[in-house]
Amino acid sequence: MIKITERIKEVEYAIRDIVSQAKIYEKKGHKITYLSIGDPVKYGFSMPQHVIDAIKKAIDQNINYYVASEGIQELRESIAEYENNKSNISLLDEDILITAGVSEGILFTFAGMLESKDEILIPGPSYPPYSSYAKFFGAKVVEYELSEDDAWQPNIDDIRKKMNENTRLILIISPNNPTGTIYSEKQIKEILDIAGEYDIPVMSDEIYDVLSYNEKVVNPATLSKDVPIIGLNGFSKAFLMTGWRLGYIYYYDPVEKLTELKENIERLARVRLCVNAPAQFAAIAALKGSKEYLNEFRRELKNRSEYIWKRLNDIPLISAVKPRGAFYIFPKIELKNYWKNDMEFTLDFLKEKKVLLVYGSGFGKKFGKDHVRIVFLAKQDILEASMDKLESFIYEKIRK
C-alpha cells in the first residue's frame, strides 16, 4: 500500500465529482442534459472576435515563451485601470498578480495565510474550492449563514459570534455562487467593521461582479478605509474565456498590512513559472475592447433566471429565491421520506430523467444541505424541457 496524506483525502469538488455519475449513463448510450457546470461557452455564448484575434496574433508573433511570473506588465496595468474605473479605487500595476484562474488565486492566498489551528469564515453555502483548499492547509472552515429567509443575505450576527482569535480571513462572494445573491452595501460595511475589530483582511471573490441584472455590485474596497482587501477576479465568466484559465489577485491595502504577504505569494508564483502568455495578450484586448456584448449577455441571464425561478416555485416540494446576479439558482427541496438527503435526490433525478444538477451539501454541509444548484445558462427550450422533467419527476414520487 502506498501511503496517502490525510490532507488530500479532504479535497472535494462537488461540481465535477458528480459528473462521473453522469458519465456512467453516457457510456450506456444515454443523452445527459448538464445543468451543473458554470461555463457560458459550453452553452453557446462566445467571446468577442477581437479577443480571439488577439490570441491568434500573439501566437503568430511567437509569443509562446515564458513571461514574467507576476504577469505581463501591460496586462497588470490594464487590470489596475479597469478595477479603478469600475470601483473608484486606486490600484497600481504592482498590486496585481496574474493567476491561472481564480482557483490559483485561492490556492496562493491560503498557502500564504492559513495553517493548522487557523480559521476562515466563508459563506454558507459557498463555492467548494474555498473549503477544500483551506482544509488542505490544515485550517478550520467555519460557515457563516447566508439567510434563505432574507433572500440569501449574510447574517451579520452569525459572523460576529463565530469570530475569535484564530480567525484569519472573512470571505465575501458577491454575486454569490451558488445562490445568486448580492451583498448589500450596509452588510459589507458591517463585515468590514468586524474584520477591522479583529485586524484581519477580507477576501472578496468578484468573478461575477459585472453579471448582475439590475444593480451595481458594491466592491468592498470602495468602502474600506483601513481593512485590507484581497480581491479575486478573472476572465472566465464575464469575458467568456473559461478554458484559458486566466485570473488575478489584486491587493487593496490602504494601511500597508499586506506587503509581506504579497511578496511571499509572488515568490510562490515564481515556482510555477508563469501563466499562459498568449492568453494574457488576449486579456489585454478584452479589457480595452468593446464590452457591448455584456448587455445582451446580462439580458439573457435575467430572462432565464426569471423563467427558471417561476417554474421552480410552481413545482411541489420545491421553493427558490430569485437570483440577482451570476447564472445559478439554489432551490430548497422538501425531501420528506422520498429521499434521505440532497445527494440522493440529485442522483435519483439523474437516474430517472438524465438531467444533472449539483447536490447542495457540496456547497456547505450545514447551509447547503436539502438544496440543489441549477445552472441556467442553457437555451430556453432546454431549460423548459428540463423543468418539465423535474416537475414530472416530483409528481411521480408523490403519487407512488
Unsatisfied cross-links (Cα-Cα over 24 Å) in the set Lys354/Lys379; Lys3/Lys23; Lys161/Lys189: Lys3/Lys23
In Å, descending, principal axis extents of the Cα set of the chain: 63, 55, 53
Inverse of mean 1/r across different Cα pairs in the range 1-153, Kirkwood, Å: 19.8 Å
Contour excess over end-to-end distance, with Cα ends at Glu94 and Glu215 and 0.36 nm allotted per residue: 40.5 nm
Cβ-based exposure ranking for Val372, Val218, in which fewest neighbours within 10 Å come first: Val218, Val372
Extension gain from Asp388 to Lys186, taking 0.36 nm per residue of separation minus the Cα-Cα distance: 68.8 nm
The range 1-143, relative contact order in percent, only Cα pairs under 8 angstrom and at least six apart counted: 25 percent
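Efficiency by 1/(1 + (r/R0)^6): what FRET value for Lys291 and Ile398, r their Cβ-Cβ distance, R0 = 51 Å, to the nearest 0.05?
0.65
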Label-point separation in nm, Gln380 to Arg267, each point 7 Å along Cα→Cβ: 5.7 nm
Summed side-chain charge close to Ser131 - residues other than Ser131 whose Cβ falls under 10 Å, Lys, Arg +1, Asp, Glu -1: -1
Using a Förster distance of 51 Å, the FRET efficiency for Lys56-Asp150 (Cβ separation, nearest 0.05): 0.60
³J(HN,Hα), Karplus 6.51/-1.76/1.60, whole Hz, each residue of the range 6-19, x for Gly, Pro: 5, 5, 6, 5, 7, 6, 9, 8, 3, 4, 9, 4, 6, 4
Spin-label pair Lys3/Tyr65, simplified geometry with 7 Å Cα→Cβ offset, distance in nm: 4.3 nm
Beta bridge orientation in the chain: antiparallel %, DSSP, nearest 5: 50 percent
Local electrostatic count at Asp39 - Lys and Arg +1, Asp and Glu -1, tallied over other residues with Cβ under 13 Å: +4
Cα convex hull volume per residue for the range 49-288 (Å³): 116 Å³
Cα centre as origin, Lys/Arg/Asp/Glu Cβ charges: the range 152-225 dipole, Debye: 40 debye
Electrostatic dipole magnitude of the range 239-310 [Cβ: Lys, Arg +1; Asp, Glu -1; Cα centre; debye, to 20]: 280 debye
Mean projected area (nm²) of the alpha-carbon convex hull when the range 255-313 is viewed from all directions: 8.5 nm²
Net charge dipole size for the chain [Lys, Arg +1 and Asp, Glu -1 on Cβ; Debye, nearest 20]: 1800 debye
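Read-outs: derived from the displayed coordinates by stated rules, not from any lab. Computed from a predicted structure; not experimentally measured. In this analysis, Cβ positions are derived from the backbone assuming ideal geometry, glycine residues included, and neighbour counts consider all displayed protein chains.
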